[in-house]
Every structure is written in structure tokens, then in C-alpha cells.
Amino acid sequence: MDVEFRIRRFDGEKSYWQTFNIPVKRGMTVLEGLYYIKENLDGSLTFRASCRMAICGSCAVKINGKPRLACETQILEIGNSLEVEPLDNFKVIKDLVTDFEGFFKKHEAVKPYLIRKDDNYEEPVELIQSPKELHAYYDFTLCVKCGACYSVCPAAATRDDYLGPAAITAAYRFNADSRDEGEKIRLALVCGDNGVWRCHFAAECSEVCPKQIDPAKAVQKIRFKSAIETIKSIFR
Amino acid sequence: MWQKWFSVKGKSLFSIAFSLHRLTGVVLTIYLCMHLAYLTSIRMGKEVFESFIATTVTPQFLIFDILLVLAGIYHGVNGLRLILHEFGLTYESRKSILYVSVAIVLIVWLIASYRMYTFVMGV
């Protein structure tokens, strides 16, 4: 069966659509379709991919208007005509490849690592955690930083300095970790107007997340915490 | 850039709700300015104000009033839904709450429209 791939391409100067017809077998993914085009029809087609099993988050693209991981999206589940575009809210470098530098800088800015007062790398100690404490944040550790949430966020679309759902979710993930002691530091980083207060709860981030992480929930939880801390600080 | 607030292709119902919230917000802001200008006309005399009333409280204007009420009710009810979620509550049930809030909007709007219709048409 032949399937039509319409791909929005960008050559550094202009953006244009190009159509390819490719033979598709049952179970073939959009990423395999892109590789087929690159290997057989047009070697200049550029896209990002790595693990091919929805772990690295490299291959997120817009497929028929919705951000998805190309490696876990089967062509025949979508239909016999596909439109593949680069993610929104990112600068396009070439074809389907977008610039993630700002996205990763925002992620780095929220200090996505355990902060402890007793860090001792000479004599490390085991940090005990109960299953309940693990489940408080476990879901949020599954983020693959694919940028799908950021690409559909209306707040990120209108303001470049907005941290975005992925970075705020990373902040929440570490704040909710019982081993962490850096909650106040991270709250100070995410409670500005370029942080949690910029979110308007369109909740599209949770709808498109390929790992079903629910970033909107993390943003609301950290926002509520931020509000409580701000009120407390008035009376201190 | 702001056009992206209204871009709904491939988006879920939540983004449509968000876009409508923005749109109704803009409509209500414009209406508020017009309403204040309208009320200020009373400074120009009772006759001027009453001539405005005679122009706008008419069957011809009823459709605009009904649409305005729809915008107001939608913005209010959807706003309450957002406040609920933003307080960190019920986001797991957000789909059901969205459907319930749309149902509330439609019911309140139909009742309000009927009351306005009977008032303006005098039936």
C-alpha cells in the first residue's frame, strides 16, 4: 500500500511542502517512512532520531497537526495521507530539525538534580526512600525531553522566556523527591512571571505528552505551592 | 505571535476552550469600553441616554445581546473551572469538568436568552 507523505521542509531561507509516495507495510512507523524517503527518494531530507524506541525523545515532529514521537507512531494508524512538520514554538534549523538549545537551557535553569546540604562524595550514604515517597514523583521522571509539550503551549508561543511545561515539571519532580533539599531554591526560580504564573492551563501539554506524564498537573501543583510560600513570606 | 492563541488545528478540546476564553475576554473588554461610553452619555442629558436605550433595547439588537450573554457566561464559568484547576484541584477529572462546564454554560445561556427574549418582545 502506498502512503502519501507531505513534509514541510526548510532550506535555511524558505519553507515549502514536498510530497513523497512511499510503500508502507503493516507496523511501519513514521520514522521508518522518513528513513525510507532519505535512503531512496531524497537524501537531503533532514530529521533528528536516535533510539527508535521512544526513550531519547529526539524524533518528536508534528504529524497531522499533533506532536508525536515519529518512532512510536505507526503510519497506518494515522491513515494513508500524512502531513509531517517540525515542532511549533522552536526555531527550525533545517526541514524537521529544530533548535533545542533554549529548551535545554530552561531545563538546566531549574536545577534538575538532587540538592542536598550533606553532599559528601568521599563517603556517600544510601538515601532510603519508601515506595510511597517514590510514587510521589516517579511519573514525572519518565519525561524524555522531546519538546512536544513546549510546542503546543500557548504561553510559550507568545513569550520566549517562559520556562515551559517540561522545565517546570522537572522542577516539580525534584521538589517532590523526599531526598531533595532544594525546594526553596527551585520555587524561587519557577515562581516568577516567566514561570508558573505564565501558565493559563490550556492543558494541551498533558494531552500531547507521549509518555502521559501530565505536565499540566505538575505546573498546577508547583504553582499552588508557590502561592502558599508567597503568602507565608508576607507574614515572616 | 498572538494568533497562536487561536490556532486550534490538531489541538484538543482544552485548547479550543482556551482560545474561546481569550476570544470572549477580548469581546467583553470591547463591550465594557462601549458600555462605559454608553453610560457616560447620561452626562449629555436624559434625552440622549434614552435615545440610546431606545436604539439598543430592541428586537434588532436582541441577537447581539444574546451572543454577548453567551460570551459572558462562557468566560465566567470557564474562568471558575480554571481557578479550580489552578488551585491544584481536580485536574485528573479535567475532561469531565470541561464537559460539565459547557453544559452549565448552555443551560444558563438558554434560560437567560429566553428571559431576554420575553422581556424585549413583550411576550
Check your understanding: Please identify the GluC sites (Glu not before Pro) of region A:1-38 that satisfy two criteria: DSSP loop assignment and at most 13 other Cβ atoms within 10 Å. Which are they?
Key -> A:13
Point to revise | Debye log10 I(q)/I(0) at q = 0.19, 0.20, 0.23, 0.25 Å⁻¹ for region B:57-123, Cα point scatterers | key: -0.72, -0.77, -0.90, -1.00
Check your understanding: Can you list the trypsin sites (Lys or Arg not before Pro) in region A:78-149 that are in a DSSP coil and have 16 or fewer other beta carbons within 10 angstrom?
Key -> A:91, A:116, A:117
Point to revise | Residue-normalised accessible area of region B:12-121, given per residue in Å² at a 1.4 Å probe | key: 63 Å²
Study note, to complete from the structure: A student asked for the Cα radius of gyration and Dmax of region A:45-132 in angstrom ought to give 19.1, 59
**Study point:** Distant alpha-carbon pairs in the protein assembly as shown (separation over 28 angstrom), percent
**Key:** 56 percent
Check your understanding: So what's the gap between the Cα centers of region A:155-171 and region A:178-196, to the nearest angstrom?
Key -> 14 Å
Study note, to complete from the structure: Pseudo-spin-label distance residue B:47 to residue A:161, built 7 Å along Cα→Cβ, given in nm, is 5.6 nm
Review point. Top to bottom by accessible area (1.4 Å), largest first, where do A:44, B:19 land?
Key: A:44, B:19
Check your understanding: Which value, to two decimals, describes the C-alpha radius of gyration of region B:12-121 once divided by 2.2 N^0.38 Å?
Key -> 1.31
Study note, to complete from the structure: Counting only protein heavy atoms with a 1.4 Å probe and every protein chain in place, the carbon and sulfur fraction of the accessible surface of region B:12-121 in whole percent equals 77 percent
Exercise for review: Return the sequence-ordered ³J(HN,Hα) values of region A:41-48 in whole Hz as given by the Karplus equation 6.51 cos²θ - 1.76 cosθ + 1.60 applied to θ = phi - 60°, using x for Gly and Pro.
Suggested key: 10, 8, x, 8, 5, 10, 8, 10
Exercise for review: May I ask for the distance between the Cα centers of region B:80-117 and region B:33-63, given as a whole number of Å?
Suggested key: 31 Å
Review point. How big is the A-B contact in terms of buried accessible area, both chains counted, 1.4 Å probe, rounded to the nearest 100 Å²?
Key: 2000 Å²
Check your understanding: How far is helix B:59-86 tilted off the main Cα axis of chain B, in degrees rounded to 10, range 0 to 90?
Key -> 30 degrees
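The values are calculated or read from the model by the stated rules, or taken from the named source; none is laboratory data. Just so you know, these numbers come straight off a predicted model, no measurement behind them. Positions of Cβ are generated from backbone atoms using ideal geometry, with glycine treated the same way; all protein chains shown enter the neighbour counts. These accessible areas exclude ligands, DNA and RNA; they are computed on the full protein's heavy atoms, side chains included. Shrake-Rupley method; radii C 1.70, N 1.55, O 1.52, S 1.80 Å.
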